Amino acid sequence: MKQLSILNKPQTNKLKILNDPIYGFISIPNTLIFDIIEHPFFQRLRRITQMGLSNLVYPGANHTRFHHAIGCMHLMQKAVLVLRTKNVEISEAEENALCIAILLHDIGHGAFSHALEHSIVNGISHEEISLKFMRELNEEFNGKLSLAIEVFEGRYHRKFLYQLISSQLDIDRLDYLKRDSFYTGVTEGNISSDRLIAMMNVVDDELVIEEKGIYSVEKFIIARRLMYWQVYLHKTGIVAESILVNVLKRAKELASNGVELFGSKALKHFLYNTISSNNFTKETLKIFSRLDDYDILSAIKEWINHDDFILSNLSKMIVNRELLKIKIQETPFTDKSIKETITIVNDRLNLNKEALNYFVFSNKISNQAYNTEKPIKIYTKKGKLKDIAKASDQLNVLALTKPVVKYYLCYPKILVQN
C-alpha cells in the first residue's frame, strides 16, 4: 500500500472568500490569484507588520502586509467594476493584471517594513525586490504574470492602469489609510474609499475624479497629512524605528568583524554577507523570502544578553520599550546643542565615541501631503480637467502642497531623569 505524501494535497475549492474587518467578505477572483496567494513568497507577508513598530504607540497596530495586499486586491476589483460601468473598456486580462500587480506591490518589503532597507540590506529598495519576486513567480507560473509586471513597471500603453497602482490617489493609499486608521484607532484617517472609487473615471487615458467627488478628495488629502504626523511620523515611532535600525547596523558591524551572533540562517546570511543590488541573485531572493519579523525579534531578544554593550542596550530598549528620549523642532539643531548633549551623555555614561553615535543622533523627517507635479485631476461638468489644488474652493489644499520638514534629536533618558 502506497504512503500518501503530505505534498499530494487534495484538490481544494480555489474560489474562496475571506472575511476582512474593513470591507467584510472579499472574494478571490480566480484560481491563478488563489495560487499566488497560497505561494510561500506571499504567505510570508503574514509575518511582516504593516506599520513596523507603531504598535509601541498604538497597541492595535498589529495588522500585516498580508491584510493590506488582500484589501488592495478587493478595492481594485471595485475600481474596475466602476470604470466599466462608465464605458471604460478593461479586458479580463487587464483586470487580472491589475489585481495581481496590486496584490504583489509590497511583496518585497523586509522585516518590520522599512528597517532592513537602512541597515543590513543596502543599495536595493523594496520596490526592486518586489519586482524580483514578481519575475520569479512569473517563471513559476509560466509567464502568466507578464502583463501584470508590464503594468507594474509603467510600460503598458494604457497609462491609467499604472495610475491605479501608483499615483497620488492610487488603490494602495486608499487601503492603507483606511486600514491603518482602523487598527490604530486614529479616526482622522478614516477616508471614504468607496466614495472615491465611485467617483473615478478615465479621460484621455488618464485617471480622474469627477467633480462631485471633489470634497472626498479634499478629505483624503487632509486625512493623509493627519495620519503622517499623528501616526507614521509619530515621535515615539520615529525613535523606535531609529533604534531598530541601529540595532541591525551594530549587529552587521559586529558580524563583519567576525563576532558570533545568534540568529536564524536567513538573518545570518544578511548579517555576514554584503548584500546589494549587484549580488541580489535568485538564491538571495529565496533566502530573503525566509526572513521576516519573527527572525529579527527573536534575535533581538537573545542579543539582550550579548557581551557587546551597544548591541545589548539597544536591544533592551526595543524589547522593554525603554526608548531614547526624542526632541522634535521645526529648525535644525545647532552643532553647539548637539555637542552639549553628547558631552553630558559622555560625562554621565562614560561612553566611547563609537557608542555615542548609536545613542545620540539627529536627523530630519518630512512630508508633503499633496504634490502638484503629479496632480489629482478633477473632471468638471463642463468637460475640463483641473488640478485639485486649483479646483478646490478651500485654501487648505493649496497649503498642503508645501513640504513640511521637522528635525529631531535622540539621546538617553538619563539626561531628563537627573
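The values are calculated or read from the model by the stated rules, or taken from the named source; none is laboratory data. All figures in this text were calculated on a predicted structure; none of them were measured in a lab. As a convention, Cβ positions derive from the backbone with ideal geometry for all residues, glycine included, and neighbour counts pool all protein chains shown. With ligands, DNA and RNA removed, areas are computed over all heavy atoms of the protein, side chains included. Shrake-Rupley method; radii C 1.70, N 1.55, O 1.52, S 1.80 Å.
Below 10 angstrom from the Cβ of Ala369, what's the summed charge of the other residues (Lys, Arg +1; Asp, Glu -1)? Summing Lys/Arg as +1 and Asp/Glu as -1 gives +3.
Report, to the nearest whole %, how much of the accessible area of region 289-345 belongs to carbon and sulfur atoms, 1.4 Å probe, protein only. After summing per-atom areas, the C and S share lands at 50 percent. Packing-based ranking of 75-82, 338-345 yields 75-82, 338-345, ordered from highest to lowest mean Cβ neighbour count within 10 Å. A simple spin-label model places pseudo-atoms 7 Å from Cα toward Cβ; at Phe333 and Thr372 they are separated by 3.4 nm.
Candidates Val208, Thr236, Ser181 compared by Cα position along the dipole of region 174-242: farthest toward the positive end lies Thr236, with charges placed on Cβ. For Phe361 and Thr236, the difference between the fully extended length at 0.36 nm per residue and the C-alpha to C-alpha distance is 43.5 nm. Pairwise inverse Cα distances across the chain, averaged and inverted, put the Kirkwood hydrodynamic radius at 23.5 Å. Once all protein chains are placed together, Phe262 keeps about 100 Å² accessible to a 1.4 angstrom probe. Summary value for the chain: 16 percent relative contact order, contacts being C-alpha pairs under 8 angstrom separated by 6+ residues. At a Cα cut-off below 19 Å, give the aspartates and glutamates reachable from Lys286, other chains included and same-chain residues fewer than 8 away excluded. Reachable aspartates and glutamates: Asp35, Glu38, Asp106, Glu117, Glu127, Glu128, Glu136, Glu139, Glu140, Asp295. Once region 34-186 is represented by equal point scatterers at the alpha-carbon sites, with solvent omitted, what log10 I(q)/I(0) does the Debye formula produce at q = 0.17, 0.18 Å⁻¹? Values returned for q = 0.17, 0.18 Å⁻¹ are -1.01, -1.12. Full extension of the segment from Ser125 to Ile17, taken as 0.36 nm per residue of separation minus the current Cα-Cα distance, would add 35.6 nm.
Can you work out the FRET efficiency for the pair Asp347 and Glu89, with r the C-beta to C-beta distance and R0 = 56 Å, to the nearest 0.05?
0.20
Rounded to the nearest 10 degrees, the angle from helix 309-320 to the longest Cα principal axis of the chain is 50 degrees. The Cβ shell under 12 Å around Leu324 holds other residues with a net charge of +4, Lys and Arg each +1, Asp and Glu each -1. Subtracting the Cα-Cα distance of Tyr407 and Ser264 from 0.36 nm times their residue separation leaves 47.9 nm of extension gain. Per residue, the solvent-accessible area of the chain (1.4 Å probe, heavy atoms of protein chains only, all protein chains present) comes to 49 Å². Once you order the gyration tensor axes a ≥ b ≥ c over the Cα atoms, which shape class does region 106-158 get: rounded for a/c under 1.5, otherwise prolate or oblate by comparing a/b with b/c? It comes out prolate by the Cα gyration axes. Largest GNM mean-square fluctuation among Ser264, Ser192, Ser91, using the chain with Cα springs under 10 Å: Ser91.
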